[in-house]
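What follows is a set of notes on a single structure, which appears directly below.
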């Protein structure tokens, strides 16, 4: 007895289009890699395209420019790739810590504060810090600095990045030593 299989490619493509299904294949035997493990491994894979998407879209936003100097073009892309590396490193650090602690991060989604994720993006984490302010009040020869207190989510993100809890609170104490001064025109 023999079995012959023939795939109708048109029917398969139509079914995938209608149902949103994708076929995945592995060369690992089922004894070494279960279906669940294979799906999880696929979901966790690193896609280099995500980095290029960040360069083309927000937050780095490479848009059409007119740079006449080759040096400036190289410099711009080196600066943008450095920014991309920072985004990826922050994301990697937080995701690694969450995996090590077997926890998820809640509060990143504005409309759903209880929604959690084990794979937060750097953009979402940076957005969580929106609204922080450093205020300097000057009266005669004395200047008093005040920083907006951190939320629980912001403190959690800093902890996942490995910063000590007092890192942010000491900002107000040392703000007068910043190398730049901001003032109203």
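The values are calculated or read from the model by the stated rules, or taken from the named source; none is laboratory data. Computed from a prediction, not measured in an experiment: that's the story for all the values here. Every residue, glycine among them, receives a Cβ derived from its backbone with ideal geometry; neighbour counts consider all protein chains shown.
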For the stretch 100-110, state whether one or more residues are out of contact with any helix residue (DSSP H, G or I) (no Cβ under 8 Å at 6 or more places or on another chain), under 20 Å from residue 55 (Cβ atoms), free of Cβ contacts under 8 Å to residues at least 12 places away in the same chain and in a helix (DSSP H, G or I).
no
Do you know which of the residues in the stretch 31-77 that are farther than 27 Å from residue 117 by Cα and surrounded by 10 or more Cβ atoms within 10 Å (Cβ to Cβ) is modelled with the lowest pLDDT?
62
Could you give me the residue pairs with C-beta distances under 9 Å whose first residue belongs to the stretch 31-50 and is outside any loop (DSSP other than H, G, I, E, B), whose second residue is surrounded by 11 or more Cβ atoms within 10 Å (Cβ to Cβ) and modelled with pLDDT of 70 or more wherever it lies, and which are 6+ apart or on separate chains?
37/28; 38/26; 38/28; 41/26; 41/33; 42/26; 43/119; 50/88
Subset of the stretch 96-110 [more than 13 Å from the chain's Cα centre (by Cα) and at pLDDT 85 or above]:
97, 98, 99, 100, 101, 102, 103, 104, 106, 107, 109
Look through the stretch 1-23, keep the residues that are at pLDDT 80 or above, within 23 Å of residue 38 (Cβ to Cβ) and part of a helix (DSSP H, G or I), and return whichever of them is farthest from the chain's Cα centre (by Cα).
12
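Condition check ((1) surrounded by 13 or more Cβ atoms within 10 Å (Cβ to Cβ); (2) without any contact (Cβ under 8 Å) to a residue 60 or more places away in the chain; (3) assigned to a helix (DSSP H, G or I)) across all residues:
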| position | (1), (2), (3) |
| --- | --- |
| 113 | no, yes, no |
| 126 | yes, no, yes |
| 131 | no, yes, no |
| 135 | no, yes, no |
| 138 | no, yes, no |
| 143 | no, yes, no |
| 150 | yes, yes, no |
| 153 | yes, yes, yes |
| 156 | yes, yes, yes |
Here is a check on your reading of the model: is residue 136 at pLDDT below 85 and out of contact with any helix residue (DSSP H, G or I) (no Cβ under 9 Å at 6 or more places or on another chain)?
no
